[in-house]
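Q: Mind having a look at this structure? Questions to follow.
The values are calculated or read from the model by the stated rules, or taken from the named source; none is laboratory data. Here the structure is a predicted model, which means the values were calculated and not measured. Virtual Cβ from ideal backbone geometry, glycine too; neighbours counted across all protein chains shown. The protein model used for the area step is the full one, side chains on, heavy atoms only, and it has no ligands, DNA or RNA in it. Shrake-Rupley method; radii C 1.70, N 1.55, O 1.52, S 1.80 Å.
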Amino acid sequence: MVFIFKFLKRKKQAAFINEVDQENLPRHVGIIMDGNGRWAKSRGLPRSAGHRAGAATLKKITEFASDMGIRYITAYAFSTENWKRPKAEIDALMDLLLDYLKDKKLLEGNQVRLKFIGDRSVLTDEIKEQMAIAEEESAGRDKTILYLAINYGGQQEITKAVKTICQKAAAGQLDPGGVTEQTISENLYTEIPDVDLIIRPSGEFRLSNFLLWQSAYSEFWFSNINWPDFSEKDFTQAILDYQNRNRRFGGI
């Protein structure tokens, strides 16, 4: 019975993938995973249950996006502003992150490499250790790279880049007059192309300090779906809508 269910699921996913134009896929997709708390509240569950359901959705969507041929995914897991939340919720999120990182089979079958962006300095030693292990153990996977943004903020990232550039200039390693957009890009957390498509579910219409520099010419896709309910069909629709847009990058 389980085999039949998995077969039908894979067949359905393949049908979704066949709908998209493989020659016009976004190279880099950003995801603001929003609506976990609202999903839980609507079911009379604690917010931690919503975050756990959201983590399962991230795994599902990452695997599907990898099968579709998406090269880079950046998922907004915990922002620099999220420290303002109640301590109990933050503790639950950090426990969930640890469980996620300790899952040795996480995304293994899909050849997904796991990397992280954000300020790790305030995270616990155990979390930092598990992040390093996850990066090392998945380093040989080359199909899709999943960046988890943890303790990440776009303004913080740009500020860090500017400080690094100033330090290099003060040390005589860099000519201030030669600073370009490329110079700034090279000093950000990310080592990947600018994000082509940003997906934000849950009915909100803002960036929330996510990939501010890298989203200069991003396409946006919004929906009222809470993240734990986000499906392969929804992801496919986001890609199809992206493919129907005319990206002019300031031209005609």
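Q: Between the DSSP loop rule and a limit of at most 15 other Cβ atoms within 10 Å, which GluC sites (Glu not before Pro) in region 198-252 are left?
A: Loop-located and lightly packed - E204.
Q: Under 8 Å for C-alpha pairs, at least 6 residues apart: give me the relative contact order for region 185-229, rounded to a whole percent.
A: 48 percent
Q: Find which of A238, C166, Q182 sits farthest along the positive direction of the dipole of the chain, computed with +1 on the beta-carbon of Lys and Arg, -1 on that of Asp and Glu, about the Cα centre.
A: It is A238, whose Cα lies furthest towards the positive end.
Q: Could I ask something else about it? Once you have a ≥ b ≥ c as the square roots of the Cα gyration tensor eigenvalues for region 97-242, tell me rounded if a/c is under 1.5, and otherwise prolate or oblate according to whether a/b is larger than b/c.
A: Oblate shape, in that a/c is at least 1.5 and b/c is the bigger or equal ratio.
Q: How high is the relative contact order of region 77-221, given as a whole-number percent (alpha carbon pairs under 8 Å, six or more residues apart)?
A: 24 percent
Q: Now for a separate question. At most 12 other C-beta atoms within 10 Å and a DSSP loop state: those are the exposed chymotrypsin sites (Phe, Trp or Tyr not before Pro) I care about. Give me the longest piece of the chain that has none.
A: Free of exposed loop sites, the longest segment is 1-204.
Q: Also, I was wondering about something else. Only Lys, Arg, Asp and Glu count, each charged at its Cβ (+1, +1, -1, -1), so figure out the dipole size of the chain about its Cα centre, rounded to 20 debye.
A: With Lys and Arg at +1 and Asp and Glu at -1, about 740 debye.
Q: Also: Which trypsin sites (Lys or Arg not before Pro) from region 55-106 combine a DSSP loop assignment with at most 10 other Cβ atoms within 10 Å?
A: Counting only loop positions with at most 10 other Cβ atoms within 10 Å, the trypsin sites (Lys or Arg not before Pro) in region 55-106 are K104, K105.
Q: Oh, and also: Using Cα pairs closer than 8 Å and at least 6 residues apart in sequence, work out the relative contact order for the chain, in percent.
A: This gives 28 percent for the chain.
Q: Here's a follow-up. With unit charges on the beta carbons (Lys and Arg positive, Asp and Glu negative) and the dipole taken about the Cα centre of the chain, which residue among L148, N224, V29 sits farthest to the positive side?
A: N224
Q: With all pairs of different alpha carbon atoms counted, what Kirkwood hydrodynamic radius in Å does the chain show?
A: 19.4 Å is the Kirkwood radius here.
Q: Report the Cα-based extents of region 77-139 along its three principal axes, largest first, to the nearest Å.
A: Largest first, region 77-139 extends 36, 19, 18 Å along its Cα principal axes.
Q: Additional query: Among the aspartates and glutamates, select those whose C-alpha is under 15 Å from the C-alpha of K41, and discard any that sit fewer than 8 residues away in the same chain.
A: Partners found: E89, D229.
Q: Could you give the accessible area per residue of the chain, probe 1.4 Å, as a whole number in Å²?
A: For the chain, the per-residue accessible area is 53 Å².
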